[in-house]
Protein chains: 2
Amino acid sequence: MKAKARAHANIALIKYWGKSDENLSLPMNSSLSLTLDAFYTETEVEFTNSINEDVFFLNGVEDKNTLSKISKFLDLFRIARNMNERAIIKTINYVPTAAGLASSASGFAALAAATNKASGLDVNSRELSTFARRGSGSATRSIYGGIVEWQKGINDKTSFAVEIDDASWDIGMVVVIVNREEKKMSSREGMKSTILTSPFYKNWPEDSQKDLKEIKIAIKEKDFEKMGYITERNALKMHATMLGANPPIMYFEPKSILVMQIVHELRDKGIPCFFTMDAGPNVKILCRLSQGEMIKNRLMEDFKEYEIIVTGPGPGVEII
Amino acid sequence: MKAKARAHANIALIKYWGKSDENLSLPMNSSLSLTLDAFYTETEVEFTNSINEDVFFLNGVEDKNTLSKISKFLDLFRIARNMNERAIIKTINYVPTAAGLASSASGFAALAAATNKASGLDVNSRELSTFARRGSGSATRSIYGGIVEWQKGINDKTSFAVEIDDASWDIGMVVVIVNREEKKMSSREGMKSTILTSPFYKNWPEDSQKDLKEIKIAIKEKDFEKMGYITERNALKMHATMLGANPPIMYFEPKSILVMQIVHELRDKGIPCFFTMDAGPNVKILCRLSQGEMIKNRLMEDFKEYEIIVTGPGPGVEII
């Protein structure tokens, strides 16, 4: 009745932007991501009859704010197993900073894996990814390591993740933390507003699926430049749909643009690196893992007091 | 056979982005602008039989690079007047810096007006705006002062400017020169690439016409906040279409974003001001003219060594 799991964060190369079903977290488009080694969450779940309410500890401190969301998530497993026990959940986030670094992806993937084991439900990884999805859309992809596709599907059972590639061909990411503040608008709210008000959103689902198709070919051919180029362009298109929202949603900060300029400068010098950016100001650079430290050194010239992390691909969820 | 004219630059509040006819400079959408007092061009045109080639002086220096474009433009008048004389053209640009400040708008409007007079063609302002359009799309709007609409029309004769409002109700602009360098990609090239490659461009012509309709109502009602809000949103939507281009076109620089953040900060403090941005990094702030200096003072905290210009609405083209 007790299990502990570790799951890693992931950064989308083809972005997930927009839900077709709010309740089930079904996405408007399939997406693709790289699981990252440096950022992960460890969660222990223990079902017991000795308590009447779930208890949730985050980084050693009881967290009552998130509890109802966690309890609702655990209910999915309790219903599947026809069990009633409450749980003690202990989570440690090994994500350097909270803002915009997909801690909800690693968080719900680890919680799903630990609960799956502790409850004795023991579904396979594919089905586990549908559970993770219910907690947070991007958590779907954190069930697997390397490069992962989240196939949008048409219902709860068919919207799951699949492993595409183990990313063991010199692929990494450099993450620049340009701002640690909580983001002004959550992805959830940003997506909703974009769908409802942006004249450009209607082209996003189809267009991002073209990007997905192309990037999968590039990955198959191990064409890193093409893969990076599609990544960068796809991120800018997602942000374009947001700029069209009413009121406009803009996550660009001066420092975000500076990172982009440095990426282009490095590329002009022949170093293949490409930026991507999510619903927050921090910029992630897709690069050759072997060139990560060199890219970090260049960034440090302009980002002396900032946190810069170089990381390779991470593994899928593990019971530990 | 000799005349001199002065024309002022204008900044679009509803952007012109995309041509439907490259040769005639017919636009995909109607646009709306504010003519600015601080930036203008003076041009003298003298037709004479004593020379065999047009001669063009820009700011006192003979300019052979632009000559063929100018000569072709003068041919429109020569053909209309059935005349053969060559011309001496002397232009002085009173635009603080060249990059992205619409000097081609004031330039071709002044040239059109001076040539119109010197050639004896003497068409009225509306028709004159169709001549200016052939030189540079945005020059169409610089024929008039205050707030001007360029109606896209369906052919050479119907694509002209009309005056909408004299903007005498405490309206001004603050222009921050964040970068004086020549822009990397001209508007002309940017428009072409956006039309051909951006999945979002197809929504632009219709969407911008909705914005135009709304801003005209706001102007009629002298609803400055609404006018500014539509201005800011329309600019971001134009840039969104560019971010979707392949390769992406991004004119944002770190300093451009900083100006936008300061505009939002001022607005949060109750000062109605709104940014707009064209195919270059410089940001223009639409504000109450009476608050222009105060806004400039706030900007100077972050832009000490930068040029910041406060200006009111400018007049239409004049023979001087």
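Values in this text are rule-based calculations from the coordinates and carry no lab data. None of these values were measured; they are calculated from a predicted model. Cβ: placed from backbone, ideal geometry, glycine included. Neighbour counts: every protein chain shown.
Toward the positive end of the charge dipole of region B:2-167, about the Cα centre and with charges on Cβ (Lys, Arg +1; Asp, Glu -1), which of B:His8, B:Asn59, B:Leu111 goes farthest?
Highest projection toward the positive end goes to B:Leu111.
Roughly how many whole Å is it from the C-alpha centroid of region B:101-176 to that of region A:233-286?
Spelled out, the Cα-based centre of one part sits 37 Å from the other.
For the protein assembly as shown, take N as its residue count and report Rg(C-alpha) divided by 2.2 N^0.38 Å.
1.12
Looking at chain B as a GNM with Cα springs under 10 Å, which of B:Met83, B:Met242, B:Met191 has the largest mean-square fluctuation?
B:Met83
Identify which of B:Ala279, B:Ala80, B:Ala240 has the largest mean-square fluctuation in a Gaussian network model of chain B, with springs joining Cα atoms closer than 10 Å.
Most flexible of the set in this elastic network: B:Ala80.
Beyond 31 Å, what share of the Cα-Cα pairs of chain B remains, rounded to the nearest whole percent?
Across chain B, Cα pairs with separations above 31 Å total 28 percent.
Fewest to most neighbouring Cβ within 10 Å: what's the order for B:Met250, A:Met294?
By the 10 Å Cβ count, ascending: A:Met294, B:Met250.
For the protein assembly as shown, can you list the cysteines whose C-beta has no other cysteine C-beta under 4.7 Å from it?
By the Cβ distance rule, which asks for a partner under 4.7 Å, no cysteine is left isolated.
What is the dipole size for region A:1-150, taken about its Cα centre, with +1 at each Lys and Arg Cβ and -1 at each Asp and Glu Cβ, in debye to the nearest 20?
Computed charge dipole of region A:1-150: roughly 140 debye.
For A:Glu189, place a label point 7 Å out from Cα along the Cα→Cβ vector, do the same in each other copy, and report the separations in nm, one decimal, smallest first.
Distances between equivalent label points, in nm: 4.1.
How long are the semi-axes of the ellipsoid equivalent to region A:172-311, from square roots of 5 times the Cα gyration tensor eigenvalues, in whole Å, largest first?
26, 21, 11
Amide H to amide H under 5 Å from B:Leu13: which residues, 5+ apart in sequence or cross-chain, H placed 1.01 Å off N in plane?
B:Leu32, B:Ser33, B:Leu34
Under 5 Å between amide hydrogens, which residues at least 5 positions from B:Asp165 or on another chain qualify, with H placed 1.01 Å from N in the peptide plane?
It is B:Ile147, by chain and number.
State the dimensionless ratio Rg/Rh of region B:46-125 (Rg: radius of gyration of Cα atoms; Rh: Kirkwood radius).
Looking at region B:46-125, the ratio lands at 0.97.
Once the Cα atoms of helix A:67-81 and of chain A are each reduced to a long axis, what angle between those two axes, in degrees from 0 to 90 to the nearest 10, is obtained?
Value to nearest ten degrees: 60.
Identify the trypsin sites (Lys or Arg not before Pro) of region B:257-317 meeting these criteria: DSSP loop state and at most 15 other C-beta atoms within 10 Å of the C-beta.
B:Lys269, B:Lys304
For chain B, take the longest principal axis of its alpha carbons; what is the angle in degrees between that and the long axis of helix B:292-302, to the nearest 10 within 0 to 90?
Relative to chain B, helix B:292-302 is tipped by roughly 70 degrees.
What is the dipole size for chain B, taken about its Cα centre, with +1 at each Lys and Arg Cβ and -1 at each Asp and Glu Cβ, in debye to the nearest 20?
With Lys and Arg at +1 and Asp and Glu at -1, about 540 debye.
I need the phi-derived Karplus couplings for region A:44-61: 6.51 cos²θ - 1.76 cosθ + 1.60, θ = phi - 60°, integer Hz, Gly and Pro marked x.
10, 10, 10, 7, 8, 8, 7, 10, 9, 9, 5, 10, 10, 10, 10, 6, x, 10
Excluding B:Asn52 itself, calculate the net charge of residues whose Cβ lies under 13 Å from the Cβ of B:Asn52, where each Lys or Arg counts +1 and each Asp or Glu counts -1.
-2
Would you work out which of A:Ser125, A:Phe303, A:Gln209 lies farthest towards the positive end of the dipole of chain A? Charges go on Cβ: Lys and Arg +1, Asp and Glu -1.
Looking along the dipole axis, the top candidate is A:Gln209.
Could you line up A:Thr197, A:Thr41 from fewest to most neighbouring Cβ atoms inside 10 Å?
Ordered by Cβ neighbours within 10 Å, fewest first: A:Thr197, A:Thr41.
Work out the charge dipole of chain A with +1 on the Cβ of Lys and Arg and -1 on the Cβ of Asp and Glu about the Cα centre, then indicate which of A:Ile164, A:Ile177, A:Leu266 is farthest towards its positive end.
A:Ile164
Once both axes come from the Cα atoms, what is the angle between helix A:187-197 and the longest principal axis of chain A, in degrees from 0 to 90, rounded to 10?
The answer is roughly 70 degrees.
Label-to-label distances across copies for B:Asn246, with labels 7 Å out along Cα→Cβ, in nm, shortest first?
Listed shortest first, these distances are 3.0 nm.
Please report B:His264, B:His239 as a ranked list, fewest other C-beta atoms within 10 angstrom at the top and most at the bottom.
Lowest to highest Cβ neighbour count: B:His264, B:His239.
Mind checking the alpha-carbon convex hull of region A:2-167 and giving the volume per residue in Å³?
In region A:2-167, the Cα hull volume divided by residue count equals 105 Å³.
Which whole number gives the average, over all residues in B:258-265, of C-beta atoms from other chains lying within 10 Å of the residue C-beta?
That works out to 2 on average.
Once you charge only the Cβ atoms, +1 for Lys and Arg and -1 for Asp and Glu, what is the size of the charge dipole of region A:172-311 about its Cα centre, to the nearest 20 debye?
The dipole of region A:172-311 has a size of about 340 debye.
For the protein assembly as shown, what is the mean residue ellipticity at 222 nm derived from helices alone (per DSSP H run of n ≥ 4: -39500 (n - 2.57); sum divided by total residues; nearest 500 deg cm²/dmol)?
The helix-only estimate for the protein assembly as shown comes to -12000 deg cm²/dmol at 222 nm.
Place the label 7 angstrom along Cα→C-beta at B:His264 and in each other copy, then list the distances from the first to the rest in nm, shortest first.
2.1
Need one value for A:197-204: mean number of C-beta atoms belonging to other chains within 10 Å of its residues' C-beta atoms.
Across A:197-204, the average partner-chain Cβ count within 10 Å equals 6.
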